[in-house]
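Okay, so here's the structure we're looking at.
The values are calculated or read from the model by the stated rules, or taken from the named source; none is laboratory data. This one's a predicted model, so the numbers in the text were calculated from it and none came from an experiment. For neighbour counting, all protein chains shown are included, and Cβ atoms are generated from backbone atoms with ideal geometry for every residue, glycine included. Accessible surface areas use protein heavy atoms only, side chains included; no ligands, DNA or RNA. Shrake-Rupley method; radii C 1.70, N 1.55, O 1.52, S 1.80 Å.
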Amino acid sequence: MSERRPYRRPMPPNWWAHAPYRAYTARELSGVAVAIYGAVLFAGLISLWRGPDSYDAYLRFLRSPVSLLLHALLLAAVLYHVVTWFQTLPKTMPKLILDGKQVPPQKITQIATLAAGACSLALLLFTLWVAR
Amino acid sequence: MPEAAIAEKTVELRILRYRPASDDRPSFGSFEVPYAEDMSVLQALQTVKDTLDGTLSFRWSCRMAVCGSCGMMINGKPRLACNTFLRNLPPGPITIEPLNNFPIERDLVVTVGDFVKKIESIYPYIIPKEPKTIADGPYLQTPAQLAAYESFSDCINCMLCYAACPQFGENPDFIGPGAMALLQRYNGDSRDGGRQKRLDTIHGEDGVWSCTAVGICSEVCPKHVDPANAVNQNKTNSAFDFFLRFLRKEGAR
Amino acid sequence: MSDAVQEKRSISPIFWLLFGAGGMLSALFGPALILITGLLAPTGYGLPESFESYGHALAFAQNPIGKLVLLAVVSLFFWHGAERLYLTLKDMRAGPLLVLKFATYGVAAVVTLATFALLLAIGF
């Protein structure tokens, strides 16, 4: 075995940008979009604390085309987050055994995604009702 | 007597070669082998070794996807060579390289010693809940109890999941999907009482916490073991243990 | 026989649970929240333009339940994004890990404290 000289191939530094890892990177960035929306709310809280004039400037920003476009993009990103979140969720749970067989993870994903849709819908309807 | 030459369909294999005694770094060699409808990549490699270059080195054994020896990168994807058929690959040269993320010993043979150590490190045997003699009779297990861990027992140690895992590529000390599947095979077994002992081996950065749930390990697994599930459900276990460990009775198993 | 070395325990569980809570909260209510606060109220579609007025916003922020909601949403959304961003930047080898941790978890911590302070300062 005197000839052993194992060769380590370096990992490409941009592996995250190539197949099959692109979908994973997109999923992670959709989670960052969640924080970006959080930042928009945080900015609103700051301007609320500073007073009516500051808050009015914030509202003017919210009504601007830039903000509307931003929120449309955030909505798309967060919807992608919702879908991929429930695809990942079954992995963090032990196998669910019903009637002696494993419940397929896809079933758990389906049910959880529908439940999440129902939650958002409920919040939306509740808000519309409260605002009458 | 002139004979009509029968045009034989051939396929080109581009194989990454490396001979530690003579090469500074790996380089591709090209081989043309006759094509047959029922040929696997393994058979193509064997044809090269038998008829074109006897120095080509690669691991193989069962030829039927149960021994886990012939894992390699085929057209950039971690596959078992015996289970990958030429007829299913796109036309053109087939690129064959050793499994990603492992050091190359020679040609398509990678270093497996670290993987074996990881397997050994997670107590890969039933640790009985209570001492039991043969006179006590066998363990009884319902189909539901078997289903709870069965997929994890199907692992053939082929290491395709390690080749697919970018976090293992970045951190070779990461315990990895295969070892975690074996860990969960025992922790999920109703006969076993060593759950905490095994959990205690994976609380570190090189344990489950190197995993970022990429999930491709489960996609490439030829036996549908679902190692991603083994790793990620133990993130949940490790996280709860982090906070609830102070409630554990000292010395309790 | 195995000679497993007990590895030093990682503190990742803290950030992972915060990431999980934020991920679940945003998965359940994120789309509705973005629609309501960012698209419906500002444009007046479905919601009156006065929905997000100073008076309404102040009343919400001064209400104890409103405060809890705002703290949970802002803080957990930031902790979720922080973990995602930290791991992505780590994948991209964007810098020394300690710097990345401060830039992500550090910001989430600061925002959590600031939100708490602002909500108190806004009063009841």
Quiz item: Of the conditions (1) open to solvent by less than 50 Å² (accessible area, probe 1.4 Å); (2) closer than 25 Å to B:Cys165 by Cβ; (3) facing another protein chain (nearest Cβ under 8 Å), C:Phe15 fails just one. Which one is it?
Solution: (3)
Quiz prompt | Selection within the stretch B:81-102 - out of contact with any helix residue (DSSP H, G or I) (no Cβ under 7 Å at 6 or more places or on another chain) and over 18 Å from B:Pro26 (Cβ atoms) | solution = B:Asn83, B:Phe85, B:Arg87, B:Asn88, B:Leu89, B:Pro90, B:Pro91, B:Gly92
Quiz item: Taking B:Ser151 and the conditions (1) surrounded by fewer than 20 Cβ atoms within 10 Å (Cβ to Cβ); (2) modelled with pLDDT of 95 or more, which numbered condition does it fall short on, given that it satisfies the others?
Solution: (1)
Exercise. Determine which member of the set B:Lys223, B:Lys235 is touching a Pro at 6+ places or on another chain (Cβ under 9 Å) and within 26 Å of A:Gln87 (Cβ to Cβ).
Key: B:Lys235
Quiz item: If you check B:Cys62 against the conditions, is it within 22 Å of the chain's Cα centre (by Cα) and touching a residue at least 40 places away in the same chain (Cβ under 8 Å)?
Solution: no
Quiz prompt | Tally of residues being outside any helix (DSSP H, G or I), of a type in the set (Lys, Arg) and surrounded by 16 or more Cβ atoms within 10 Å (Cβ to Cβ) across the stretch A:1-29 | solution = 1
Quiz item: What is the one condition in (1) more than 13 Å from the chain's Cα centre (by Cα); (2) closer than 25 Å to B:Met64 by Cβ that B:Phe242 does not satisfy?
Solution: (2)
Quiz item: Any residue at all in the stretch C:65-75 that is in a helix (DSSP H, G or I), of a type in the set (Lys, Arg) and at the interface with chain A (Cβ under 9 Å from one of its Cβ atoms)?
Solution: no
Exercise. Among the strands (runs of 3 or more DSSP E) lying completely within the stretch B:1-118, list those that include at least 2 residues that are modelled with pLDDT of 95 or more and more than 19 Å from B:Tyr162 (Cβ to Cβ).
Key: B:10-17, B:27-34, B:94-97
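Going by the structure shown, is C:Ala21 under 30 Å from A:Leu124 (Cβ atoms), open to solvent by less than 60 Å² (accessible area, probe 1.4 Å), under 14 Å from the mean Cα position of the chain (by Cα) and more than 11 Å from chain A (Cβ to nearest Cβ)?
In short, yes.
For the stretch A:30-132, give me every one of the helices (runs of 4 or more DSSP H) that falls completely inside it and has 2 or more residues that are open to solvent by 60 Å² or more (accessible area, probe 1.4 Å) and within 7 Å of chain C (Cβ to nearest Cβ).
A:52-63
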Exercise. Test B:Ala144 against the criterion of being in contact with a strand residue (DSSP E or B) (Cβ under 6 Å, 6 or more places away or on another chain), part of a helix (DSSP H, G or I) and under 26 Å from B:Ala65 (Cα atoms), and give yes or no.
Key: no
Quiz item: What number of residues in the stretch C:87-124 are open to solvent by less than 60 Å² (accessible area, probe 1.4 Å), in contact (Cβ under 8 Å) with a residue 60 or more places away in the chain and either more than 10 Å from chain A (Cβ to nearest Cβ) or among the basic types (Lys, Arg) (or both)?
Solution: 1
Exercise. Among residues belonging to the stretch B:188-210 that are touching a Lys or Arg at 6+ places or on another chain (Cβ under 7 Å) and within 14 Å of chain C (Cβ to nearest Cβ), point out the one that is most open to solvent (accessible area, probe 1.4 Å).
Key: B:Gln196
Quiz item: So, in the stretch C:76-86, of the ones that are more than 19 Å from A:Asn14 (Cβ to Cβ) and among the aromatic types (Phe, Trp, Tyr), which residue ends up farthest from the other protein chains (Cβ to nearest Cβ)?
Solution: C:Trp79
